[in-house]
Amino acid sequence: IFRETLRKRGVWVITGLGKYFQKIDKNRNGFLSQAALKEALKVFHLEMPEGDFESLWLILDDSKSDEVDYGEFIHAIFGEMDEYRKAFGRKAYMKLDFNKTGSVPMVDVRKSYCAK
């Protein structure tokens, strides 16, 4: 049910959660405590019964470190990109990497992208 709720609300929830996780990650290590994750889910109206949250936490905190990597949390919920999206991403990258160096300097991104 949790995964379906996230999928229905889509990109807004994922980008919002990502930004919120970064905001509350005070020491900038990419990890969240159990309380911080629970609060973030509450802010985005993704509450779940306590037993379900405990089960989720046990899965996410497989190292038993009492914190979870929020990047892995996002990946665990949404999984891998489908082939269409991967191909689209590769095509966009190839367009940005017009020098075929394997990296894209910010200068090249600015030349190719306009947010207007």
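The values are calculated or read from the model by the stated rules, or taken from the named source; none is laboratory data. Every value quoted in this text rests on a predicted model; they were computed, and no experiment measured them. Heads up, the Cβs are rebuilt from the backbone with ideal geometry, glycines too, and the neighbour counts pull from every protein chain shown. Note: accessible area is taken over every heavy atom of the protein model, side chains too, but ligands, DNA and RNA are not part of it. Shrake-Rupley method; radii C 1.70, N 1.55, O 1.52, S 1.80 Å.
Over the chain, what percent of the accessible surface lies on carbon and sulfur atoms, probe 1.4 Å?
Of all accessible area on the chain, carbon and sulfur atoms account for 59 percent.
For a distance above 26 Å, tell me the whole-number percent of Cα pairs in the chain that qualify.
Roughly 36 percent, rounded to a whole number.
Starting with the highest mean, order 61-70, 32-41, 45-54 by the number of other Cβ atoms within 10 Å, averaged over the residues of each peptide.
Sorting 61-70, 32-41, 45-54 by mean packing, highest first, produces 32-41, 61-70, 45-54.
With +1 on each Lys and Arg Cβ and -1 on each Asp and Glu Cβ, and nothing else charged, work out how big the dipole of the chain is about its Cα centre, in Debye to the nearest 20.
Computed about the Cα centre, the dipole is about 1080 debye.
Under a 1.4 Å probe, what is the accessible area of the chain per residue, stated in Å²?
So the chain comes to 75 Å² accessible per residue, rounded to a whole number.
For the range 53-116, what is the per residue volume of the convex hull drawn over the alpha-carbon atoms, in cubic angstrom?
Given the Cα convex hull of the range 53-116, per-residue volume reads 168 Å³.
Using a 1.4 angstrom probe with every protein chain in place, what is the largest-first accessible-area order of THR101, THR15?
THR101, THR15
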